[in-house]
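The values are calculated or read from the model by the stated rules, or taken from the named source; none is laboratory data. Just so we're clear, the structure is a prediction, and the values are computed from it rather than from any experiment. Here the Cβ positions follow ideal geometry from the backbone for every residue, glycine too, while neighbour counts run over all protein chains shown.
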Amino acid sequence: MRALFQHCRMFTILSATLPHTYDPSLIRRGEERWLERARESGVTGIADFAVQALTDGSVGPLLKATFGNSPFLTQELVGNIAFVRQIVELGPDKAFARLVADLESLDAAKLPTPAIMKALRQAKRRAALLAGLADIAGQWPLEAVTGALSRIAEVTLRQATLHLLATPPFAKLPANGDGLIVLGMGKLGAYELNYSSDIDLVVFYDAAKFPFSKRGDARGAAVDIVRGLVKLLSETTRDGYVFRADLRLRPDAGAS
């Protein structure tokens, strides 16, 4: 296990560059939760990793600075220790690439709706954790952080759309989405999403390719698709939400 910290210096940083902690009790509570969750995980090697990560000269200060300053990132650290280990092993760039690849490999069309909702929310939270650590450690510049958050939004949006098109009554649409365009606007379109950004969407549809309508109106059916997509992304579950989506959308700017 020690070799992990000897050879993977992906978070080699100076402690002086980390944010100062004004309440040491926050660090102690974070460390206690981190170690307790690691012991409870039952995953081989995780408890040892958790202990050694806290004492490592590079990873330890990063964890402590995070515990002392960010309740959200502390929660994500404690809940994703195996993923943190992956970040340390691979470095932030490769760990993010694997996260995206795993998300893209999901067969969204065949997964039950609760399963895809959980998977999308987990991916978003892990992406935010990874970007936050790389940001705090000075490993990623601003454009890398916003690019990663925008990339995960792009992939989750695509997977949500593919899932929606495979569920009734939308399953009547071509599985490849022919006749439907979901376009990211604003910060998403510019690849400039930050940690708290919502996503602005515009949806275009081809009425001639819609195999169904709502009370004889293809527009109404398109609005239902938009609402279904927003629900998949924005509904708060025990796993949180993926992204808040602007409800003032086309084809119906008044849809809510």
query: For the range 87-106, which residues satisfy the criterion of being surrounded by fewer than 21 Cβ atoms within 10 Å (Cβ to Cβ), part of a helix (DSSP H, G or I) and within 16 Å of the chain's Cα centre (by Cα)?
result: Asp93, Lys94, Ala97, Arg98, Val100, Ala101, Asp102, Glu104
task: Look at the range 168-205 and say how many of its residues are more than 19 Å from Leu232 (Cβ to Cβ), part of a loop (DSSP other than H, G, I, E, B) and either at pLDDT 80 or above or in contact with a Cys (Cβ under 6 Å, 6 or more places away or on another chain) (or both).
output: 6
Of all residues making up the range 118-132, the number that are touching a Ser or Thr at 6+ places or on another chain (Cβ under 8 Å) and small (Gly, Ala, Ser): 2
- request: Could you check Asp135 against (1) over 29 Å from Leu26 (Cα atoms); (2) without any contact (Cβ under 8 Å) to a residue 24 or more places away in the chain; (3) part of a helix (DSSP H, G or I); (4) acidic (Asp, Glu) and say which number it fails?
  value: (1)
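If I filter the range 14-39 down to residues being of a type in the set (Asp, Glu) and either modelled with pLDDT of 95 or more or crowded, with 16+ Cβ neighbours inside 10 Å (or both), which single residue comes out as nearest to Trp140 (Cα to Cα)? Step through it out loud before you land on a result.
From the range 14-39, those of a type in the set (Asp, Glu) are 23, 31-32, 36; that's our starting set.
Narrowing further to those that are either modelled with pLDDT of 95 or more or crowded, with 16+ Cβ neighbours inside 10 Å (or both): 31-32, 36.
Details: Glu31: 25, Glu32: 28, Glu36: 30 Å.
Looking at residues that are of a type in the set (Asp, Glu) and either modelled with pLDDT of 95 or more or crowded, with 16+ Cβ neighbours inside 10 Å (or both), I get Glu31.
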message: Any residue in the range 155-169 that is closer than 12 Å to Val226 by Cα sitting within a Cβ distance under 9 Å of a residue that is of a type in the set (Phe, Trp, Tyr) and surrounded by 17 or more Cβ atoms within 10 Å (Cβ to Cβ)? List the pairs, counting only those 6 or more apart or interchain.
response: Leu157/Phe243; Leu164/Phe170
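Return the residues of the range 229-247 that are outside any strand (DSSP E or B), touching a helix residue (DSSP H, G or I) at 6+ places or on another chain (Cβ under 7 Å) and not β-branched (Val, Ile, Thr); say none if nothing qualifies. Show your work before the answer.
Within the range 229-247, the subset outside any strand (DSSP E or B) is 229-236, 238-239, 241-244, 246-247.
Imposing the further condition that a residue be touching a helix residue (DSSP H, G or I) at 6+ places or on another chain (Cβ under 7 Å) reduces the set to 229, 232-233, 239, 241-244, 247.
Within the range 229-247, Leu229, Leu232, Leu233, Asp239, Tyr241, Phe243, Arg244, Leu247 meet the criteria.
Does the range 148-167 hold any residues that are outside any helix (DSSP H, G or I) and either surrounded by fewer than 19 Cβ atoms within 10 Å (Cβ to Cβ) or at pLDDT 90 or above (or both), and which are they?
Ala166, Thr167 - these are the residues of the range 148-167 that are outside any helix (DSSP H, G or I) and either surrounded by fewer than 19 Cβ atoms within 10 Å (Cβ to Cβ) or at pLDDT 90 or above (or both).
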- request: State whether the residues of the range 76-98 include one that is small (Gly, Ala, Ser), farther than 22 Å from Arg33 by Cα and modelled with pLDDT of 95 or more.
  value: yes
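Every residue, every condition in (1) over 30 Å from Lys231 (Cβ atoms); (2) over 15 Å from the mean Cα position of the chain (by Cα); (3) in a helix (DSSP H, G or I), yes or no:
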position	(1), (2), (3)
Ala53	yes, yes, yes
Phe72	no, no, yes
Ala108	no, yes, no
Pro114	no, yes, yes
task: Run down Ala134, Ala65, Ala127, Ala50 and say which single residue is at pLDDT below 95 and in contact with a Leu (Cβ under 9 Å, 6 or more places away or on another chain).
output: Ala65
